[in-house]
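None of the figures in this text is laboratory data; all of them are computed from the coordinates on show. All values derive from a computational prediction rather than experimental measurement. Positions of Cβ are generated from backbone atoms using ideal geometry, with glycine treated the same way; all protein chains shown enter the neighbour counts.
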Amino acid sequence: MKIAFLFPGQGSQAVGMGKEIYDNYEEAKKVYNEVKRITNVDIAKISFEGPEEVLNETKYTQLAILTMSLAILAIFKKENINAEMASGLSLGEYSALIYSKALQFEQGVKLVQKRGEYMQNLVPEGEWLMAAILGMKDEEVEEVCKKVKTGFVVPANFNTRGQVVISGEKCAVEKAEEIAKEFGAKKVRILKTAGPFHTKMLEDASKALKNELEKISFNEFEIPVVKNLDAKPYSKEDNIKEVLANHITHPVLFSKTIETMLENNIDTFVEIGPGKTLSGFVKKAENDKELNILNTSNIQTLKDTIDFIKKED
């Protein structure tokens with residue numbers, strides 16, 4: 001069994017997420033308390049009680065998802081469950097970097113807090129929207145965006161076969177939705193995000209984040225982490241600070257990230273954090289071998305995952 005950990009990103013949040021795990025595992029509670037100490041934000045209260053509109057503020061969403069992922073990692077550490085590769089969707093890449101020891105826990109938490117603030121506050125004026133287009137090929141979605149003549153819209157996340165997220169001005173995204181449906185899209189779903197993420201519109205946020213990154217020293221990777229930017233594992237030639245600054249202005253290549261993991265003989269994917277969106281993406285990936293696809297979105301799935309891995313080991 002060759003395991004990869006996958007860490008979810010923004011959009012996977014829901015009020016109440018992580019509460020059962022927090023209530024039942026001392027290791028998880030310690031992580032939430034540590035994050036509160038580092039950030040001065042009671043992320044447990046926001047995660048468990050909401051209200052939803054507060055949890056959905058980018059500066060809290062990113063911290064809440066990261067904290068739940070790190071809490072589960074602490075439980076896995078106690079259970080001696082480890083991965084041979086890791087990756088995350090957008091924000092989730094930071095959880096992967098912390099897991100790989102390339103980024104220290106406290107530095108990673110502070111960085112994500114700043115990242116969330118910049119992505120919320122340094123967005124150009126306007127109405128922005130992100131939407132997932134289902135049932136179209138990557139190049140077809142690119143073509144749809146080009147056909148929108150008024151406003152700004154581009155592909156932002158290549159999630160899995162038949163699912164691409166577009167990002168941009170509300171009017172342009174809505175026009176793209178119309179065109180996509182005319183071209184045969186099965187469905188278009190508006191996402192719970194609050195800005196034109198993974199586009200050039202976040203240039204100011206990218207520059208501000210780069211300044212924060214300059215203060216940080218990264219360590220050697222203990223396991224490979226596959227980047228969103230090019231779907232390749234980080235190498236010694238990579239400037240991690242440049243990669244992470246560019247990360248928020250460039251598309252997420254998650255479908256290719258899964259392909260890279262499959263090429264590296266990963267057969268067990270464990271999604272660590274709220275929801276099971278990434279598990280769904282793996283299921284849709286082109287692959288001819290039998291995979292184990294597990295998630296940890298609540299206490300039952302967490303226990304089932306631990307039991308399964310221990311039994312197979």
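When the helices in the chain are scored as -39500 (n - 2.57) per DSSP H run of 4 or longer and the sum is shared across all residues, what 222 nm value do you end up with, to the nearest 500 deg cm²/dmol?
It comes out at -14500 deg cm²/dmol, rounded to the nearest 500.
Sort 101-107, 35-41, 268-274, 114-120 by the packing proxy (mean of other Cβ within 10 Å over each peptide's residues), most packed first.
The densest-packed peptide leads the list: 268-274, 114-120, 101-107, 35-41.
For helix 170-182, report the angle its Cα long axis makes with the longest principal axis of the Cα atoms of the chain; keep it between 0 and 90° and round to the nearest 10°.
Approximately 80 degrees, to the nearest 10.
Compare the peptides 146-152, 198-204, 284-290 by average per-residue count of other Cβ atoms within 10 angstrom and give them in order, highest first.
198-204, 146-152, 284-290
In whole angstrom, how far apart do the alpha carbon centroids of segment 114-160 and segment 250-313 sit?
Each part's Cα centre sits 25 Å from the other's.
If packing is taken as the average number of other Cβ atoms within 10 Å across a peptide's residues, how do 253-263, 159-169 rank, most packed first?
Highest-to-lowest ranking by the protection proxy: 159-169, 253-263.
Would segment 1-71 count as rounded, prolate or oblate if I go by the C-alpha gyration tensor, calling it rounded below 1.5 in a/c and otherwise prolate when a/b exceeds b/c, oblate otherwise?
Cα axes put segment 1-71 in the oblate bin.
Where the centroid of each part is defined by its Cα atoms, how far is segment 22-98 from segment 161-184 in Å?
Measuring centre to centre over Cα atoms gives 32 Å.
Relative to the longest principal Cα axis of the chain, at what angle does helix 58-78 sit, 0 to 90 degrees, rounded to 10?
30 degrees
With axes computed from alpha carbons, what is the tilt in degrees of helix 254-263 against the longest principal axis of the chain, rounded to the nearest 10 within 0 to 90?
50 degrees
Of all beta bridges DSSP finds with both residues in the chain, what is the antiparallel percent, to the nearest 5?
Here the share of antiparallel DSSP bridges comes out near 55 percent.
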